[in-house]
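Worksheet for the structure shown next.
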Amino acid sequence: MKNIVIHLINNIMKIETYQKLTLVFHPTLLLLFFLRKIPLSWFFELRLAIDGIDRPYYAYCLFQAALEAKALHLKKISAIEFGVAAGNGLISLERLSKQVTHITGIEIDIYGFDLVTGLPKISDYRDLPYIWKKGFCKMNVSTLRKRLKRSTTLILGDVKDTVPIFLERDFSPIGFIAFDLDYYTSTKFALRIFHTIENNLLPRIFCYFDNIIGTDEEIMCEFTGEQLSIREFNNIHKNKKIAKISGLYHKRIIKSTWSDMVYVMHSFKHTLYNRYIYPSEDRQDNLN
């Protein structure tokens, strides 16, 4: 962000005096003048910094996962959405992946997991039956397939069955997962995606949990829903932990609630976990 500000100031100094006066009285022209000077990567990061992008939580996670992969000298990653429903999130993921690939050079394969018939019958209080009902969030498969623009793969069925089958196939290392299955039980089964060989995973996988924060009626807590599934995962895994990014909310320009819904799955024993990924020159600048 500091570099972007310096870049804008330098551009101001190069403008003729009469142009400066004109631009001051026409803010839109001023904005357009600067935006045309900013490289695509800077424009993307600027929009992301101010939440001026579709689903900034998807954008942040996907972009950071691609940067991690690039630093590890990988060429391709996978992004997954658990709970596709009408498909708006998946389509957004497609658009964002195209931009992220253009900026980073990292190719992104997308997978969408869904039951198709909507939320299943609830028999467990931990699935929050006071806010969810059977049949919510149905998918129209044929309509969604027509809307998808690229080679996104739909994986249909109960995640309890489809996740183990998926792990038997060949796929690029997973870098980002969006969890939007609503239920504790469904999320618990979806988290089994991490029960695989390390070549199928980045050492740090960005995760977005859609139901960590809810309305006043939903009253999300650590003893039900997604938060409980995360806690149980951490309790049974010694070398894999799902944790929030410390300070993410406070360091962002726009203080959005989604910052508290972004986690990272750390695979501490991954052979690439300890590999240095910070560009040396940038790191030195920050330390000096």
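Read-outs throughout are calculated quantities, based only on the coordinates presented, and are distinct from any laboratory measurement. The model shown is predicted, which means the values in this text are computed figures rather than measured ones. With ideal geometry, Cβ positions are generated from the backbone for all residues, glycine too; neighbour counts draw on all protein chains shown.
Some notes on this structure:
- For F223, the shell of other residues with beta-carbons less than 13 Å away shows a net charge of -3, using +1 for Lys and Arg and -1 for Asp and Glu.
- What the phi angles of segment 258-274 give under the Karplus curve with 6.51, -1.76 and 1.60, with θ = phi - 60°, is a coupling list of 5, 4, 8, 10, 9, 10, 10, 8, 8, 9, 5, 8, 4, 5, 9, 4, 8 Hz, glycine and proline written as x.
- Each 5 Å bin from zero up to the one holding the largest Cα-Cα distance in segment 54-287 carries the following percent of pairs: 1, 6, 14, 18, 21, 18, 12, 6, 3, 1, 0, 0.
- J(HN,Hα) series, segment 60-68, from Karplus relation 6.51 cos²θ - 1.76 cosθ + 1.60, nearest Hz, glycine and proline x: 4, 5, 5, 5, 5, 5, 5, 5, 4
- Sorted largest first, extent of segment 189-288 alpha carbons per principal axis (Å): 49, 37, 18
- Peptides 265-273, 51-59 ordered by average Cβ neighbours within 10 Å, highest first: 51-59, 265-273
- Across K98/K188; K188/K244; K75/K255; K188/K251; K76/K146, pairs whose alpha-carbon gap is larger than 23 Å: K98/K188; K75/K255; K188/K251; K76/K146
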